[in-house]
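No value in this document is a laboratory result; all are computed from the given coordinates. Quick caveat, the model's predicted, so the values are computed rather than measured. Positions of Cβ are generated from backbone atoms using ideal geometry, with glycine treated the same way; all protein chains shown enter the neighbour counts.
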Amino acid sequence: MKISIIIPTFGREKEVITRTIDSIFKSEDDLNIIQDIIVIDQNPSPLPLGLNYSQTTIKDKRLNVVELNRSQSPSYDLPPATDLPVVHITGGQPSVTKAKNFGVKSCKGEYLVFLDDDVVLQKNCLKEHLGAFVSNDKASFIGGREIVHPKILERSKFRELLIKIFHLFSSQSKDVNYKVNGEYIGKIKSNSLMFSQFDITTDQNPLIDGARGCNWSTSKQNVLKAGMFDENFLGTALREETDLYLRIGKLSGPGIFNSKACVIHMRQLGGCNNISKSLATLNSKFGNELYFQRKHFSHVSPFYFALRTLPTALESCKSSFGLSVVTWIKFVFKFMTSKNQQAQEDF
């Protein structure tokens, strides 16, 4: 059983992604569980990863940088067992979902660990991902712990209030196995409302419907069986991971949370999802939310779509001079219109 680590990167300084890769080597005493490290580099000018890692020896493993272009076949020849491949994939138009799909096709490991390009792995994070599958053979995926840094980026009091409101509109009687100390870790309700709290320490392994995209794992077989990442999620690609969790869950059951598989999420500026609240970004986010809702929760009342997406609109309000609320209203009406059309067709 070996792991492939998949890291898409876009709009970052070299120091950000190299800090993430370096933390992999520092966190794991045994690098033999790693089959390869897949970096899908979507920058217009590719990062010089070869200068950092080519022919470098770390803990008796020689790093072997393999250059691969997305115009080529998504495959490479494995180097000797004494080498650890760092597969540097370049080329192609920026797309989170297409990048990840190419990475999945390229990698050689049985299990896949998906990381953001701005995380710092904590001790034995990868072993904990792999060990969770060994200990819980029915788990379809593993969600790890996310420590957000700096603290000012943690869940706001406003979010806490909205979560309490979400609870009022959500049945909880059958969700005991999804909770720790009465709190959901990663639960997606049938009305589309979502609960997420992944900065928690526990020896339990509660069930989860979703994970933090910066730190989760599954088998390659599960991703292929579920149809891989949906490339219709565009731009920010918001909800592309949630979409895959739900599809994997329908085929193989829920995932589990392992707080010992831990990363610090540095939340650096740049990247695909963590960019300034421009009007184009807001349209992309709400467009992806609408696509996700229509795909998985088309039967749900527009009220729940409006409630679920409200935090994004209000938290972006100040930096967007109120345009985020206008954009939110526009997409709520789009969902209402699509439901009305569907109702007429059914009639």
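For the reader, a short list of remarks on this structure follows.
- Over 23 Å (Cα to Cα) - which of LYS189/LYS295; LYS108/LYS285; LYS187/LYS250; LYS179/LYS285 fall in this group: LYS108/LYS285; LYS179/LYS285
- Beta bridges per DSSP with both ends in the chain, % antiparallel, nearest 5: 40 percent
- Distant-in-sequence amide H partners of ALA237 (H built 1.01 Å from N, under 5 Å): none
- In a DSSP loop and with at most 16 other Cβ atoms within 10 Å, the trypsin sites (Lys or Arg not before Pro) in region 100-129 are LYS108, LYS123.
- Shape category assigned to region 1-151 from the gyration tensor of Cα positions, a/c cut at 1.5: rounded
- At q = 0.24 Å⁻¹ the log10 of I(q)/I(0) for region 91-169 amounts to -1.13, computed by Debye summation with a single uniform scatterer per C-alpha, solvent ignored.
- Simple label model, 7 Å out from Cα along Cβ direction - HIS149 to SER278, nm: 2.9 nm
- Amide H contacts under 5 Å for VAL180: ILE185, restricted to partners 5 or more places along the chain or on a different chain, H placed in the peptide plane at 1.01 Å from N.
- A simple rule links phi to the HN-Hα coupling: the Karplus curve 6.51 cos²θ - 1.76 cosθ + 1.60 with θ = phi - 60°, which for region 34-49 gives 8, 7, 6, 10, 9, 10, 9, 8, 9, 6, x, 10, x, 6, x, 5 Hz, with x for Gly and Pro.
- Antiparallel DSSP beta bridges within region 1-99, as percent of all bridges there, nearest 5: 10 percent
- For the chain, the 222 nm mean residue ellipticity estimated from helices alone, with every DSSP H stretch of n ≥ 4 adding -39500 (n - 2.57) and the total spread over all residues, rounds to -12000 deg cm²/dmol.
- Within region 103-121: backbone nitrogen closer than 19 Å to the ASP137 label point (7 Å, Cα to C-beta): 110-112
- Taking a straight line from the alpha carbon of LYS14, these lysines sit under 22 Å away, with near neighbours fewer than eight places off in the same chain left out: LYS26, LYS98, LYS100.
- In the chain, the C-alpha radius of gyration followed by the widest Cα-Cα span (Dmax) gives 20.2, 68 angstrom.
- For region 99-168, the set of GluC sites (Glu not before Pro) satisfying both a DSSP loop assignment and a count of at most 11 other C-beta atoms within 10 Å is empty.
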